[in-house]
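See below for the structure under consideration.
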Amino acid sequence: MNKQDTVIEHNSPIVEENSHKVTLNFSDGVTKQFNVQPNKSILDEGLAAGMPLLYQCRSGSCSSCICTLDKGEITTINGESSTLLRSEHELGQRLLCVSQAEADCSIDLAYGSEVGTSSAQEVNAFIDSIEHIGVNTVRLTLELAEGSYMEFRPGQFMQINVPGVGTLRSYSPSSTNKEFPKMEFLIRLIPGGVMSTYLKERAEVDQILTLTGPYGAFFLREEHKRAPHIFVAGGTGLAPILSIIDTIRQLSGVKPKMLLSFGCATPEALFCLDDIQLREQWLPSLEARICVDQGAKEGHYLGNPVSPLQEADVTDPNTVAYLCGPQPMIDGATARLIELGVKAENIFAEQFVASN
Ligand code: FES
């Protein structure tokens, strides 16, 4: 569908003086409009007007509400801060939850108008297994309680309530909807971390955890499913990438050319290498490159997962890339991929932040 073909939907019948008109351009060609008051969060005003916008933290830290300014002027609300980098800001990217409109604006969203309509829900799940799969990584498998159901897009994340602490921690499933009612998470153990302490000291099979979700704007864009894919994953940033790769495997039709570059600090910290190898066998169009920052053994690349990316990896201008890991890795991978010819709008990233 072209933008010219769409019917523009106005969802703010009362137009107050000094308000600005915001036009949302969704990736499926649907366009919607609403009005915002000065000094008010565009996200809050949009949600109040019934716009299907993605969000999670509402405080400028998770990037779920990221958009690209097409026309107009948007500034950060006084007293709020955004985690966007200067380079992202210069590319027109903004976080709607901490932004206000200074004029009528047109905003591009990298997801379709149907995506934000599914709201987060709370479900209970039993611990099925807790498996140590690297020096500092645990694979946590849950089974949703009878009668519970949670559908997510591969790449999105859930919040898990840490029992006895009342603290929420965000993790992306490495599994897909096909494995329902099982869900699998890869969790990095952090000294003193609330989830790490729970997993090491108190967690037992059959205990009940509460999950809410799904959240996030990082997910497989099926409209690009035939284009070559590049995945760059650092540490447990591998989890949403595995979910995306497995979903591509489950989709019908010819599989795209895929490159996965995955890395950890040392060979001992690496995990899921058998899972990756298995996927290379299932998907002949998938090539994996394993990287370590130090102590590289045979078959490893030395350096972070950005280091093996080469000119020959980007031969198609429609190549799409999915990045998940620490912010410096995402910044490095974004810069390198753009240098190699990947379009900025075809790069999707999720920052992985370790929490204590
Ligand atoms: S909703 Fe998290 S950054 Fe806006």
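Somewhere in region 194-205, is a residue closer than 23 Å to residue 152 by Cα and of a type in the set (Asp, Glu)? No, because not a single residue in region 194-205 is closer than 23 Å to residue 152 by Cα and of a type in the set (Asp, Glu). Residues in region 221-232: is at least one outside any helix (DSSP H, G or I), of a type in the set (A, V, I, L, M) and over 20 Å from the mean Cα position of the chain (by Cα)? Within region 221-232 (the criterion being outside any helix (DSSP H, G or I), of a type in the set (A, V, I, L, M) and over 20 Å from the mean Cα position of the chain (by Cα)), the answer is no, since none of the residues qualifies.
Scan region 324-356 for residues that are of a type in the set (A, V, I, L, M) and more than 20 Å from residue 90 (Cα to Cα) and report the count.
So the count comes out to 2.
Scanning region 17-27 for residues that are within 30 Å of residue 326 (Cα to Cα) and within 16 Å of the ligand (Cβ to nearest atom) yields a count of 1. Inspect region 145-155 for any residue being in a strand (DSSP E or B), under 17 Å from residue 243 (Cβ atoms) and among the charged types (D, E, K, R) and give the result as yes or no. The answer is no, given that none of the residues of region 145-155 is in a strand (DSSP E or B), under 17 Å from residue 243 (Cβ atoms) and among the charged types (D, E, K, R).
Suppose we filter 256, 240 for residues that are farther than 18 Å from residue 176 by Cα and modelled with pLDDT of 95 or more; which single one remains?
Details: 240 fails: farther than 18 Å from residue 176 by Cα.
Selected residue: 256, the only one of 256, 240 that is farther than 18 Å from residue 176 by Cα and modelled with pLDDT of 95 or more.
Exactly one residue out of 316, 331, 275 is in contact with a Leu (Cβ under 7 Å, 6 or more places away or on another chain) and at pLDDT 95 or above: that is 275. Out of 230, 241, 276, 245, one residue alone is more than 16 Å from residue 186 (Cβ to Cβ), in the same structural domain as residue 314 (by TED's automatic domain parsing) and not hydroxyl-bearing (Ser, Thr, Tyr). It is 230.
The values are calculated or read from the model by the stated rules, or taken from the named source; none is laboratory data. Not measured: the values here are computed from a predicted model. FYI the Cβ positions are ideal-geometry reconstructions off the backbone, even for glycines, and counts take in every protein chain you see.
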